[in-house]
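Just below is one structure, and these are the notes that go with it.
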Amino acid sequence: MKWLKQLQSLHTKLVIVYVLLIIIGMQIIGSYFTNKLEEELTSTFKSNIQQYAKQIEINIEKTYDKKKQGNTQKAVQNLLSEYANRQEIEEIRFVNNDQIIMATSKQATRSLIGQKTNDNSVQKSLSIGEANSHTVLKDYGNGKKRVWIYNLPVKTSNNKTIGDIYIEADINSVYNQLSDINRIFIVGTGISLLITVILGFFIARTITKPITDMRNQTSEMSKGNYTQRVKIYGNDEIGELALAFNNLSKRVQEAQANTESEKRRLDSVITHMSDGIIATDRRGRVRIVNEMALTMMGTIKEEIVGKHMLKLLKLEDDFSLDEIQENNDSFLLDINETEGIIARVNFSTIVQETGFVTGYIAVLHDVTEQQQVERERREFVANVSHELRTPLTSMNSYIEALEEGAWKDESLAPKFLSVTREETVRMIRLVNDLLQLSKMDNESEQITKEIVDFNRFINKIIDRHEMSAKDTTFVREMPEQAIFTEIDPDKMTQVFDNVITNAMKYSRGDKRVEFHVKQNALYNRMTIRVKDNGIGIPINKVEKIFDRFYRVDKARTRKMGGTGLGLAISKEIVEAHNGRIWANSVEGQGTSIFITLPIEIIEDGDWDAE
Ligand code: ADP
């Protein structure tokens, strides 16, 4: 098959065209030339023979005139013999008026002298009195020969035909000459063909080489290699084509590079976007998906590429791809139920100028936090309303009772009034707590830090509680040396008051509150643990006690005057000090509240200087 392809190549075709042109040219020249040559040679040959015949005729006439039938036969015989050794002449005969052969130049046919000839051409010449000629093939014993037969009637001066000169001339020599020339011609043609093929091969190469180069370059380009250039061999059209081709591939290379860098830029934008992106083909099957989308959906690329986008987002029952085009709304979707991630999804279509849709894009915006904040805000408002309504309702009913006459009852009225006052105090406390939280949320509450000796600071607080709470044992376990920390003493006092109050509030019987203070100089931090032997907190609720309004046992704690905001405020304060607060508890055995705070390493000298 390779040779067939080679045969069809431009190169071979060009060589074939050259060869054909040469053959046709040679043919035309050859046939014209040999025709002309043949004509020329035969006419020279014939005119030579005719000339001989004429000479013989004149001589025979003379002989007849002189001898008057005497010994003419001998004279004519002698005359003919003179011509016998001419190369082209085969035989000359003289035939008289009665068609009797009178003389012949040829030794072999001497025996025919005196016999009558019945040759048609001789008869014709004698009867018409005009010369004639024709060519025949004749066998002289050594193969057939082409001979030209010429008859010339011999006439006396008074125009009387006395005989006929019959000449057989060997015209083969002319044809031999012609075939020699033909042979030379054929050999010449062969040589020139050979030279043409070789030359044609090289000439064709100069044409086809740049074309082959360009073809190879095109196939390289189709593989994505634009760096190569074709060689320019000359200034002709092919050279210009090669130049244009090089320019073209340079342009394509530049365009390709542009597209590539554009694509890379887009890729990096998509990859690093904080929103999730899912791009599909026109049938809605996922083609591109970025890291963020995968993280949000909690899946891996292999899981979703090729799948239907609407199915992945569980929207296939709600609407179709066509509806995306018309609908520009966004949706809130639960895209990751296990991790509770909620995303706002916006769809858009990729439309070509012709209006043909080539794909769809879904942008996923994580709104989980937003939703949570929103939910917390709603819960907070509901909680506040609820917390305020309870004391207000009870106050309302007591005041109603007083109004309806209870004020006159000396035993009831003071009791009712004191309850009302308690509720008012509770409300004031609640409102104060809320106010403080709100201030901390808005960061409008200033914390004024100062360096304090923590042991002294905490001992003062414990002392105060020890004085008022006689039923509680306070244990202090603290390092000997002073620990310095930079805190807002008022705010931190509020934190410890709350923790200590809780420890006593949620304990029964022999109350015991332990204080463990440890410093970790390596991390520049200290840990305070406030441990009680109280009722404890169920394990699944320990984390929640720092939430606003959270109370483990709602009815009971409210009775104890708790707002459920104490630990939430404490957490805000501790975190504002770059600290951390958490709890550890065993139900029925007791609770530990841990607080870590940063400490200051102060040389004694420094402290003195202040
Ligand atoms: P409250 O004003 O109700 O005490 P807090 O925010 O201080 O509000 O505490 C939240 C809840 O955590 C309390 O209602 C109580 O149920 C629980 N709690 C806090 N400290 C303790 C503790 N030491 N022992 C047991 N439960 C506690």
Inspect all residues belonging to the range 128-150 and state whether any of them is surrounded by fewer than 14 Cβ atoms within 10 Å (Cβ to Cβ) and either of a type in the set (D, E) or within 60 Å of the chain's Cα centre (by Cα) (or both). yes
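Matching residues to (1) surrounded by 11 or more Cβ atoms within 10 Å (Cβ to Cβ); (2) of a type in the set (S, T, Y):
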{"position": "H11", "(1), (2)": "yes, no"}
{"position": "Q55", "(1), (2)": "yes, no"}
{"position": "Y64", "(1), (2)": "yes, yes"}
{"position": "A75", "(1), (2)": "yes, no"}
{"position": "N85", "(1), (2)": "no, no"}
{"position": "E88", "(1), (2)": "yes, no"}
In the list R183, R251, R215, which residue meets the criterion of being out of contact with any Asp or Glu (no Cβ under 9 Å at 6 or more places or on another chain), within 30 Å of E38 (Cα to Cα) and free of Cβ contacts under 8 Å to residues at least 60 places away in the same chain? R183
For R377, indicate whether it is over 18 Å from D281 (Cα atoms), exposed (fewer than 12 other Cβ atoms within 10 Å of the Cβ), without any contact (Cβ under 8 Å) to a residue 24 or more places away in the chain and not β-branched (V, I, T). yes
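Specify the residue that is nearest to the ligand (Cβ to nearest atom); the eligible residues are those in the range 583-599 that are within 16 Å of V517 (Cβ to Cβ) and not in a loop (DSSP other than H, G, I, E, B).
Within the range 583-599, the subset within 16 Å of V517 (Cβ to Cβ) is 592-599.
From the residues that got through so far, the ones that are not in a loop (DSSP other than H, G, I, E, B) too are 592-598.
Values: S592: 8, I593: 7, F594: 12, I595: 13, T596: 18, L597: 19, P598: 24 Å.
Ranking the qualifying residues of the range 583-599, first place goes to I593.
Out of E369, E316, E337, E323, report the one residue that is in contact with a Leu (Cβ under 7 Å, 6 or more places away or on another chain) and exposed (fewer than 15 other Cβ atoms within 10 Å of the Cβ). First the steps, then the outcome.
Working: E369 fails: in contact with a Leu (Cβ under 7 Å, 6 or more places away or on another chain); E337 fails: in contact with a Leu (Cβ under 7 Å, 6 or more places away or on another chain); E323 fails: in contact with a Leu (Cβ under 7 Å, 6 or more places away or on another chain).
E316 is the lone residue from the list that is in contact with a Leu (Cβ under 7 Å, 6 or more places away or on another chain) and exposed (fewer than 15 other Cβ atoms within 10 Å of the Cβ).
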Odd one out for E610 among (1) more than 10 Å from the ligand (Cβ to nearest atom); (2) more than 23 Å from F380 (Cα to Cα); (3) modelled with pLDDT of 95 or more: (3)
Which of the residues that make up the range 569-582 are surrounded by fewer than 20 Cβ atoms within 10 Å (Cβ to Cβ) and either within 9 Å of the ligand (Cβ to nearest atom) or not charged (D, E, K, R) (or both)? A576, N578, W582
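Among the residues of the range 130-146, are any assigned to a loop (DSSP other than H, G, I, E, B) and within 21 Å of E57 (Cβ to Cβ)?
Narrowing the range 130-146 to residues assigned to a loop (DSSP other than H, G, I, E, B): 130-131, 140-143.
Now narrow it down to the ones that are within 21 Å of E57 (Cβ to Cβ): 130-131.
Yes, because at least one residue in the range 130-146 is assigned to a loop (DSSP other than H, G, I, E, B) and within 21 Å of E57 (Cβ to Cβ).
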The range 196-253 - residue that is small (G, A, S) and within 22 Å of H11 (Cα to Cα) and, of those, surrounded by the most Cβ atoms within 10 Å (Cβ to Cβ): A242
List the pairs whose first member sits in the range 534-548 and is in contact (Cβ under 8 Å) with a residue 40 or more places away in the chain and closer than 21 Å to E514 by Cβ, whose second member is in a helix (DSSP H, G or I) and near the ligand (Cβ under 6 Å from one of its atoms), and whose Cβ atoms are under 7 Å apart, counting only residues at least 6 apart or on separate chains? G534/A503; I537/I545
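Given the options S81, S133, S105, S125, name the one that is in contact with a Pro (Cβ under 7 Å, 6 or more places away or on another chain) and in contact (Cβ under 8 Å) with a residue 24 or more places away in the chain. So that I can check it myself, show each step before the final result.
On the way: S81 fails: in contact with a Pro (Cβ under 7 Å, 6 or more places away or on another chain); S133 fails: in contact with a Pro (Cβ under 7 Å, 6 or more places away or on another chain); S105 fails: in contact with a Pro (Cβ under 7 Å, 6 or more places away or on another chain).
That would be S125, the only listed residue that is in contact with a Pro (Cβ under 7 Å, 6 or more places away or on another chain) and in contact (Cβ under 8 Å) with a residue 24 or more places away in the chain.
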Tell me, yes or no, whether the range 438-446 has at least one residue that is over 60 Å from the mean Cα position of the chain (by Cα) and within 15 Å of the ligand (Cβ to nearest atom). no
Of all residues in the range 388-416 being surrounded by 11 or more Cβ atoms within 10 Å (Cβ to Cβ) and assigned to a loop (DSSP other than H, G, I, E, B), the one that is farthest from the chain's Cα centre (by Cα): D409
Of the residues in the range 366-387, those that are over 57 Å from the mean Cα position of the chain (by Cα) and modelled with pLDDT of 90 or more come to A382, S385
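The values are calculated or read from the model by the stated rules, or taken from the named source; none is laboratory data. As the structure is a prediction and not an experimental result, all values here were calculated from the model. Positions of Cβ are backbone-derived with ideal geometry, glycine not excepted, and every protein chain shown enters the neighbour counts.
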